[in-house]
Amino acid sequence: MRLTQYTDYGLRLLIYLASAPDQSASVREVADAYDISRAHLNKVALQLTAHGVLTARRGRGGGVWLASPPDRILLGTVIRLLEPDFHFVECMRPGNQCVITPACKLREICQQAQEAVFAVFDRYTLADLLEDTERRDAVCALLGLSQD
């Protein structure tokens, strides 16, 4: 199992915003902090905004910020949103073309594994990633954020 770069960028954006939840940030600022593609991160931010995870304002004084407190944003929800076609194997996808699907147990096993993976992600919120002060301070320092 591997999450896409798209989802990775989405989680990084949320971690950045959760590190300073009372502040907005521009996509450029976040992309620069992580040294990642601004255009790619902008696409992720647009999707997260369209689904109500982020709030955005254009122009001077604008930016993006969390639409809900970090302790109300489940990692599993975010990952499902950013990975709508996440499946371990082809036979789990709509339009499956594998000829042995009717006789194969692999689909059932992979479905159980996928449910277990998401059950773990569903136990954690964005706040859990920064739950202790030491970890939050370290993340802020690495991202160049002030720790007011």
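A few remarks follow.
- The stretch 128-148 residues that are without any contact (Cβ under 8 Å) to a residue 40 or more places away in the chain and at negative phi, paired with ones that are in a helix (DSSP H, G or I) and surrounded by 15 or more Cβ atoms within 10 Å (Cβ to Cβ) (beta carbon under 6 Å, 6 or more apart): 147/140
- Within the set 89, 64, 99, the sole residue that is over 30 Å from residue 23 (Cα atoms), touching a residue at least 12 places away in the same chain (Cβ under 8 Å) and over 14 Å from the mean Cα position of the chain (by Cα) turns out to be 89.
- The number of residues in the stretch 3-22 that are of a type in the set (Ser, Thr, Tyr) and not in a helix (DSSP H, G or I) comes to 1.
- Within the stretch 115-126, if we keep just the residues that are without any contact (Cβ under 8 Å) to a residue 60 or more places away in the chain, surrounded by 14 or more Cβ atoms within 10 Å (Cβ to Cβ) and not hydroxyl-bearing (Ser, Thr, Tyr), the residue that is farthest from residue 15 (Cα to Cα) turns out to be 118.
- Scanning the stretch 23-53 for residues that are part of a loop (DSSP other than H, G, I, E, B) and in contact (Cβ under 8 Å) with a residue 40 or more places away in the chain yields a count of 2.
- Checked against (1) surrounded by 16 or more Cβ atoms within 10 Å (Cβ to Cβ); (2) touching an Asp or Glu at 6+ places or on another chain (Cβ under 6 Å); (3) farther than 15 Å from residue 11 by Cα, residue 76 passes all but a single condition, namely (3).
Here, each number is a calculation from the coordinates, and none is a lab measurement. Keep in mind that this is a model prediction, so the values were computed, not measured. Reconstructed Cβ throughout: ideal geometry from the backbone, glycine too, with neighbour counts over all protein chains shown.
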